[in-house]
Amino acid sequence: MSGLCRFFRQFLSLATMATLCCVMTGPGSAQDNNDNTITWMVPGHGGIVSDIDISRDGSLWASASIDGTVKWGAIGHPHFHSIFLDNTYPTAIRVSQDQQWVVWGDILGRVNISAFHPEDEPPIMHGTDGTPVQAIAFLGEDGPLIAGTSGPECFIISPIDGIIRRIIGPVTGVRDFQTSPDGARLSILARDGSASLWDTTEATNPTILFIDPGPYTGALLTSDSRWVFAHANGTLTSRLMHNPGAEPVALDIVTGAIHGLWQDPSGNYPIALTTKGCVHPIGRPIIPDHALLSEGCSDLAIHPSGRMLTAHRNSGQIQLVDLNNDQPSPVTVPVSAISGRIHGFSRSWIDGQKAVLSGGPSVFSIDPLNGSLTAASCIPTGWAGSIAWGQSLLLANGQNPLRALHVSDMEWRHSGDSRLDHVHLVISCPSGTVLAAAGGPEGAHMAILSPSLKQRYVIELPSGPVSSMAFSADSKCLLIATAGKHPNVYLHTMATRSSIPVWAPAGPVRAITSHPSIARFVLAIADPESPHVGTLDLSGFPRSYPSPSIVKLPSEPISVSYAPGGSHLLVGTIDHLLVHANNQTIASFGGELSHVSAIGFHTDGKTVLLGRTDGTIIGVSLSSLIRP
């Protein structure tokens, strides 16, 4: 049982993985059915998010986490930069207004400056007073940055020349910086709750204009020239930015104590965050419960379009809310976070257990109804290839013969008499009575196996490696796709043990699915010039040779699966989940339903499990995907 406890501890640590979610299109420009959800995601952090930021024009993102990582990239672009900090973790991060620099401060009081493309030059580190960096802000589009620590000084730093000067800041240290939308003013909130207003028209030499003793829990400068303050009791007041000595005016009342204030770079979306993690848009209707977790939010970053990233204080997960849209999100209820790409789902033919393979590499047992992960087992060696159920859960991990997971003690053991080595792919037929495994030094050897892994016979293909395969509904045929310089598709007939080439696709085959009742296969083909899915109908075979029919896709496919009944086809691409019927796209979903690398179904046929490339698993009602 000690091994099982260890696996559960590992699972609990993995469950804190953050998923950074950024928006790529405006509220009215998305072509998806779920316009108010995320339209782009990248893999997140392994711990709680300490700070997030979006550039002033909304094109770049940056994030920091207590796991010691900082990440940044261009919104809508699949690639991003990631740096791990040794023996420290980042506390604040900002993107410069000219989009040239990413700057973060750490717990040791150091300010690190990196070019947006760090391969051009390595990050430069500047020391401050040795106390944790609490806040960072850029002063003007081409100006320097200001860093505030837990000490009594603030540091004006040029990304190019280093520290320019020190200025006397709040005696108790800085809690937060907020710049005005025009860049001419800076609000400094001290750790003792006092607030000071600074003139930053001369960015290298800011001058203090006014001090308000407070105490406040938040302060910001809005686009209508107000200096807004949050009080611990939930009230909001404001002063005039250009006449701060005038009497403050009451603005609003928020339910609950206020933790802080945020706004987007344009100053059009001021937000109050309560100590319980609830969000209150200042001067706008309250966000409905379905749009945001009612509690637990710890940090915000607001996109100029009015979409807001919220970081959850416990899990580190980041989710998106559209402040301009009060319509409910699509039905995506159970969500689990696992480390690494989701490689596939598999259901036991014995007791209905559902397993999921991640790039951790680990195998998890998942409850499809509520998304809970009930057990976890790390793969001892090799990598995450594929899983399938025979008499037990089988694993192909590229370095060993097939392994079987014994659920009673969560231990992996070699099983059966299969002599196939370097197994990287294993599948089972729809009834679970026959398995096929691919491996060998070149990945072109295959073995047909019984559920107990007894080897029935071997298939040797002329080239490899095997990239994907699937059994037909009646288990009489096996369609095999090989990769390499010249991809090929072979049709293997179980009765005659013969394999013939039936197609030479224009690109690699990422996935194959078979129709649940008729002799038909669909292949997801990542043709770089024209991504598509191809259908092979075997109803006339062997009398008539199968000829593929093509349906073009807007982007590269990475997964494909028929829905139960076979009337609908689900295709996961790098930026959408597509629903096809009668060779036509009837629905398209983006955001959190994009980057789907594995598709599975609950035994009741009503719940779809979508495994993403970032390790997120989403449970979706099938009816919400195929609605008219």
Going through the range 194-213 in order, the residues found to be touching a residue at least 24 places away in the same chain (Cβ under 8 Å) and farther than 30 Å from residue 159 by Cα are 212
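For residues in the range 415-466 being among the β-branched types (Val, Ile, Thr) and touching a Pro at 6+ places or on another chain (Cβ under 9 Å), which is surrounded by the fewest Cβ atoms within 10 Å (Cβ to Cβ)? Reasoning before the result, please.
Going residue by residue through the range 415-466, those that are among the β-branched types (Val, Ile, Thr) are 423, 426-427, 433-434, 448, 458-459, 466.
So of that shortlist, the ones also touching a Pro at 6+ places or on another chain (Cβ under 9 Å) come out as 423, 433-434.
Details: 423: 28, 433: 12, 434: 19.
Residue satisfying both the conditions and the ranking: 433.
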For this session: With respect to residue 93, determine if the residue is open to solvent by less than 30 Å² (accessible area, probe 1.4 Å), within 30 Å of residue 594 (Cα to Cα), of a type in the set (A, V, I, L, M, F, W, C) and outside any loop (DSSP other than H, G, I, E, B).
Result: yes
Please verify whether the range 602-610 includes one or more residues that are touching a strand residue (DSSP E or B) at 6+ places or on another chain (Cβ under 7 Å), in contact (Cβ under 8 Å) with a residue 40 or more places away in the chain and part of a helix (DSSP H, G or I).
no
Of the listed residues (495, 511, 506, 526), the one being in contact with a Pro (Cβ under 9 Å, 6 or more places away or on another chain), of a type in the set (A, V, I, L, M) and within 21 Å of residue 448 (Cα to Cα) is 511
The residue that is nearest to the chain's Cα centre (by Cα), considering only those in the range 475-490 that are within 11 Å of residue 463 (Cβ to Cβ) and part of a loop (DSSP other than H, G, I, E, B), is 483
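Those residues that are of a type in the set (S, T, N, Q) and modelled with pLDDT under 85, I need them from the range 528-560; list them, please.
Taking the range 528-560 and keeping what is of a type in the set (S, T, N, Q), we get 530, 535, 539, 544, 547, 549, 555, 559.
Scanning the range 528-560 gives 539, 544, 547, 549.
Answer yes or no as to whether residue 27 is surrounded by fewer than 21 Cβ atoms within 10 Å (Cβ to Cβ), modelled with pLDDT under 85, within 17 Å of the chain's Cα centre (by Cα) and not in a strand (DSSP E or B).
Numbers: surrounded by fewer than 21 Cβ atoms within 10 Å (Cβ to Cβ): yes; modelled with pLDDT under 85: yes; within 17 Å of the chain's Cα centre (by Cα): no; not in a strand (DSSP E or B): yes.
Against the criterion (surrounded by fewer than 21 Cβ atoms within 10 Å (Cβ to Cβ), modelled with pLDDT under 85, within 17 Å of the chain's Cα centre (by Cα) and not in a strand (DSSP E or B)), residue 27 does not qualify.
For the range 542-552, indicate whether the set of residues that are among the basic types (Lys, Arg) and more than 23 Å from residue 506 (Cβ to Cβ) is non-empty. Lay out the reasoning, then the answer.
Within the range 542-552, the first condition is being among the basic types (Lys, Arg), and the residues that meet it are 543, 552.
Among the residues that remain, those that are also more than 23 Å from residue 506 (Cβ to Cβ) are: 543.
Yes.
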Residue 145 passes all but one of the listed conditions (1) under 24 Å from the mean Cα position of the chain (by Cα); (2) surrounded by 20 or more Cβ atoms within 10 Å (Cβ to Cβ); the exception is number (1)
Of the residues in the range 589-600 that are at pLDDT 80 or above and open to solvent by 20 Å² or more (accessible area, probe 1.4 Å), the one that is nearest to residue 532 (Cα to Cα) is 595
Note on the range 247-268: residues touching a strand residue (DSSP E or B) at 6+ places or on another chain (Cβ under 7 Å) and open to solvent by 30 Å² or more (accessible area, probe 1.4 Å) are 248, 249, 250, 251, 252, 253, 256, 257, 259, 262
The lone condition residue 594 fails out of (1) touching an Asp or Glu at 6+ places or on another chain (Cβ under 8 Å); (2) closer than 15 Å to residue 524 by Cα is (2)
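One line per residue, one yes/no per condition, for (1) out of contact with any strand residue (DSSP E or B) (no Cβ under 6 Å at 6 or more places or on another chain); (2) buried (at least 22 other Cβ atoms within 10 Å of the Cβ):
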| site | (1), (2) |
| --- | --- |
| 126 | no, no |
| 171 | yes, no |
| 201 | yes, no |
| 209 | no, no |
| 228 | no, yes |
Within the range 428-470, residues being assigned to a strand (DSSP E or B) and either of a type in the set (Gly, Ala, Ser) or under 16 Å from residue 490 (Cα atoms) (or both) number 17
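If a residue must be hydrophobic (A, V, I, L, M, F, W, C) and open to solvent by 10 Å² or more (accessible area, probe 1.4 Å), how many such residues does the range 479-493 contain?
Of the range 479-493, the ones hydrophobic (A, V, I, L, M, F, W, C) are 479-481, 483, 489, 491.
From what's left, open to solvent by 10 Å² or more (accessible area, probe 1.4 Å): 483.
Adding up the residues that qualify gives 1.
Mind checking whether some residue in the range 97-106 is aliphatic (A, V, I, L, M) and either within 27 Å of residue 263 (Cβ to Cβ) or buried (at least 22 other Cβ atoms within 10 Å of the Cβ) (or both)?
Within the range 97-106, the first condition is being aliphatic (A, V, I, L, M), and the residues that meet it are 102-103.
Those left that are additionally either within 27 Å of residue 263 (Cβ to Cβ) or buried (at least 22 other Cβ atoms within 10 Å of the Cβ) (or both): 102-103.
For the range 97-106, residues aliphatic (A, V, I, L, M) and either within 27 Å of residue 263 (Cβ to Cβ) or buried (at least 22 other Cβ atoms within 10 Å of the Cβ) (or both): present.
The values are calculated or read from the model by the stated rules, or taken from the named source; none is laboratory data. These numbers come from a predicted model, not from an experiment. Every residue, glycine among them, receives a Cβ derived from its backbone with ideal geometry; neighbour counts consider all protein chains shown. These area figures cover heavy atoms from the full protein model, side chains too; ligands, DNA and RNA do not enter into them. Shrake-Rupley method; radii C 1.70, N 1.55, O 1.52, S 1.80 Å.
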